[in-house]
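A quick write-up on the structure given underneath.
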């Protein structure tokens, strides 16, 4: 029987339960090997330099640095690095930034183990593996019109519960201008109303709750 070529994997993950779970799952696969694990960005970059893994599993939230900065650092070291973002974040803004920065895949920790393993194999073979729903959300973001600073000012006040007349007073503009901005916001975000516009903006990382 021919030797199986193992997919060499590095995990950069600070949560111990997730880290141990990943190690157990990877170790049970005949075609995979966990060559190293790291709990910080600094150690993760060092382990990447040392082991040159085939696939890196990278969390977005690390104690010393955000995962997107690590992604950029790894891509600087190897433009062909195959990096899978494995996270709990469903923020459209995080998805957009990760894929634009060169992530090979963006998957959630809540996904079934079979889907996580299939993504690793697909990334190793093809270089990328973008789930259809993630690809659709990314395409929507690329195609959407950007909100202006004034529109964001209006949207923040809508989020805070202000009526149009109150928004006009706070921004020293006419109420008809506020109405115009809100109409544009609803059109750009493809919302069905001002409250829905706030919900979409929060989901896309344009606003904080």
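The values are calculated or read from the model by the stated rules, or taken from the named source; none is laboratory data. Because the structure is a prediction, the values reported are computed rather than measured. Cβ: placed from backbone, ideal geometry, glycine included. Neighbour counts: every protein chain shown.
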Original post:
Restricting the search to the stretch 3-21, which residues are out of contact with any helix residue (DSSP H, G or I) (no Cβ under 8 Å at 6 or more places or on another chain) and either surrounded by 14 or more Cβ atoms within 10 Å (Cβ to Cβ) or not in a helix (DSSP H, G or I) (or both)?
Top reply: 3, 4, 5, 6, 14, 15, 18, 19, 21
**OP:** Give the residue, chosen from 176, 148, that is modelled with pLDDT under 90 and not assigned by TED's automatic domain parsing to the domain that holds residue 104.
**Re:** 148
**OP:** Provide a single number: the residues in the stretch 78-97 that are part of a helix (DSSP H, G or I) and in contact with a helix residue (DSSP H, G or I) (Cβ under 7 Å, 6 or more places away or on another chain).
**Re:** 4
**OP:** Scan the stretch 166-209 for residues that are over 31 Å from the mean Cα position of the chain (by Cα), free of Cβ contacts under 8 Å to residues at least 12 places away in the same chain, surrounded by fewer than 17 Cβ atoms within 10 Å (Cβ to Cβ) and not in a loop (DSSP other than H, G, I, E, B) and jot them down.
**Re:** 166, 169, 175, 176, 177, 180
Subject >> Index of the failed condition, residue 139 passing every other in (1) at pLDDT below 90; (2) under 20 Å from the mean Cα position of the chain (by Cα); (3) surrounded by 14 or more Cβ atoms within 10 Å (Cβ to Cβ); (4) assigned to a helix (DSSP H, G or I) >> reply: (3)
**OP:** Working only within the stretch 154-165, note down all residues that are assigned to a helix (DSSP H, G or I) and either out of contact with any helix residue (DSSP H, G or I) (no Cβ under 6 Å at 6 or more places or on another chain) or under 19 Å from residue 206 (Cα atoms) (or both).
**Re:** 154, 155, 156, 157, 158, 159
Original post:
Taking residue 124 and the conditions (1) assigned by TED's automatic domain parsing to the domain that holds residue 79; (2) surrounded by fewer than 19 Cβ atoms within 10 Å (Cβ to Cβ); (3) at pLDDT 85 or above, which numbered condition does it fall short on, given that it satisfies the others?
Top reply: (2)
